[in-house]
Amino acid sequence: MNFSPCVFSKHLFCKVLNKDLRHLPSYENCVEDAQKFSLLTRIHYLLPDDTFIEPCGLGFVQHNRPPHPLTEHELDLIYEQPFTRKLHPKTKNFEFNQEMVERLETSVILGRGCWGSCNFCVIPLVQGKKVAKRSKESILKEIENLYKKGYKKINDLTLPTLNMYGSFCQLYDEPQIINSPIIDEKITVYNKTKYCNQQCVGCPKRVLRDDLYPLLEGIEELHKKYSGTTLELRSAIRHDIILEQKELFRKIMQFTTRLKIAPEHISNTVLKQMNKGTRKDFEDFLKEYKKINIEQGTHKNLVPYFIAGHPGSTMDDMELLRKFCKEKDIYVNLTQVFTSTPGTASTAAYYTGEDTFTKENIHVARNFREKKDQKNVLVEGFDFLKDDESG
Ligand code: SF4
């Protein structure tokens, strides 16, 4: 998680407490009252850069504010370390794990973080909502080194959401000089001074950048220099945002054999609970995807992720999704049943049976059978995917 809990005794705590720290409902209150747990989640979601104190037992837990998103210089230094790219020789079940990591062996990291604000996702809590990126030069150097070592194929450029590479929020406009513990130099980081509602997709303060485009052009140059080399993009893109990045969309398509996206559903009531783009966004995306395939003379598969049993989702919603996929000839092969994850708004909704922000009552599939049934409605006709087979 982004926060690092520290436990103080109440006595010591009273002496050192900064009065500006925000107080969260206590652990005991949250256990007794689901509404307090919902409130805690809401506060934490809406104020991701703050420091909090949560009373717990005889002491307190301090949720420290997340560290600054690493600068290019810092990230470059980390990822330019001489990693072996191999499993540790003493790894348990070596052969089994070896198969799992083979594809990752030549995967190159672009950065960290995602501002998509999907209610079920822990990435913003684990990596932050600000996208930290490596420099183009550092990434190209790593790829070239792999080609020089004889690797013929790079198996991905990874970022939680590929098309967010280089994007940033203009509201982080207050500079602060700090000493970087990574490069041991003074660096400038930026703080946000005004409140916002954390709805980053479509926010006028969000600056989308196509920095991935010149990076992919740089990779094309490497392919001319090292004959027989290729790179395949496998990471998912955010399908509603890419509609504002049409040239980049076309360039990404040149590096895929099948494109991964995460519409997650098609019912607008469920999409609202997930904080995802609307059905229309997905339909617009499908039109553009088809258009690019025609332009590029290809017929590439689309790989959409869907979630069954998300808070707010009913059997009728899943039926709607199934019909949509049939009508649009969408191949359903990545569907998972909602799993509650620590700290997310969807988990609070699952627990309380209410929308975490509006407090309206929602349907929640809690028992195992209903969750599986929701999934099976969707995969009907795709017999090989029933029950546990697709995660
Ligand atoms: S100002 Fe907009 S883009 Fe920036 S963090 Fe807030 S909601 Fe996201």
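The values are calculated or read from the model by the stated rules, or taken from the named source; none is laboratory data. Just so it is clear, the model here is predicted, and its values are computed rather than measured. Note: ideal-geometry Cβ built from the backbone for every residue, glycine included; neighbour counts use all protein chains shown.
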(request) Could you list, in sequence order, all residues of segment 165-187 that are near the ligand (Cβ under 8 Å from one of its atoms) and either aliphatic (A, V, I, L, M) or within 15 Å of S117 (Cβ to Cβ) (or both)? (result) C169, L171
(message) Looking at segment 348-369 only, could you name the residues that are assigned to a helix (DSSP H, G or I) and modelled with pLDDT of 95 or more?
(response) A348, A349, Y350, Y351, T352
(message) Among the residues of segment 101-124, what is the count of those that are in a loop (DSSP other than H, G, I, E, B) and more than 16 Å from the ligand (Cβ to nearest atom)?
(response) 5
(message) Out of N275, N268, I need the residue that is on the phi > 0 side of the Ramachandran plot and either outside the structural domain of L140 (by TED's automatic domain parsing) or surrounded by 15 or more Cβ atoms within 10 Å (Cβ to Cβ) (or both). Which one?
(response) N275
(request) Filter segment 128-164 down to residues that are part of a loop (DSSP other than H, G, I, E, B) and buried (at least 20 other Cβ atoms within 10 Å of the Cβ) and give me whichever is farthest from the ligand (Cβ to nearest atom). (result) R134
(request) Please go through segment 188-235 and pick out each residue that is in contact with a Gly (Cβ under 6 Å, 6 or more places away or on another chain) and either within 16 Å of the ligand (Cβ to nearest atom) or among the aromatic types (F, W, Y) (or both). (result) R209
(request) Could you identify the single residue in L233, L222, L259, L216 that is farther than 23 Å from K129 by Cα, touching a strand residue (DSSP E or B) at 6+ places or on another chain (Cβ under 7 Å) and buried (at least 16 other Cβ atoms within 10 Å of the Cβ)? (result) L259
(request) Determine which single condition I241 fails, assuming it passes every other condition in (1) more than 16 Å from the ligand (Cβ to nearest atom); (2) out of contact with any His (no Cβ under 8 Å at 6 or more places or on another chain). (result) (1)
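Yes or no, residue by residue, for (1) without any contact (Cβ under 8 Å) to a residue 12 or more places away in the chain; (2) under 29 Å from K260 (Cβ atoms); (3) of a type in the set (V, I, T); (4) outside any loop (DSSP other than H, G, I, E, B):
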| residue | (1), (2), (3), (4) |
| --- | --- |
| G166 | no, yes, no, no |
| E174 | no, no, no, yes |
| I182 | no, no, yes, no |
| Y190 | no, no, no, yes |
| P204 | yes, yes, no, no |
| R209 | no, yes, no, no |
| Y213 | no, yes, no, yes |
| R234 | no, yes, no, no |
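So that you can scan it fast, the table gives a plain yes or no per residue for (1) more than 24 Å from K192 (Cβ to Cβ); (2) in contact (Cβ under 8 Å) with a residue 60 or more places away in the chain; (3) not assigned by TED's automatic domain parsing to the domain that holds L21:
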site: L39; (1), (2), (3): no, no, no
site: R42; (1), (2), (3): no, yes, no
site: D50; (1), (2), (3): no, no, no
site: E80; (1), (2), (3): yes, yes, yes
site: N93; (1), (2), (3): yes, no, yes
site: V101; (1), (2), (3): yes, no, yes
site: R112; (1), (2), (3): no, no, yes
site: W115; (1), (2), (3): no, yes, yes
(request) Mind counting the residues in segment 228-283 that are over 23 Å from E217 (Cβ atoms) and among the aromatic types (F, W, Y)? (result) 1
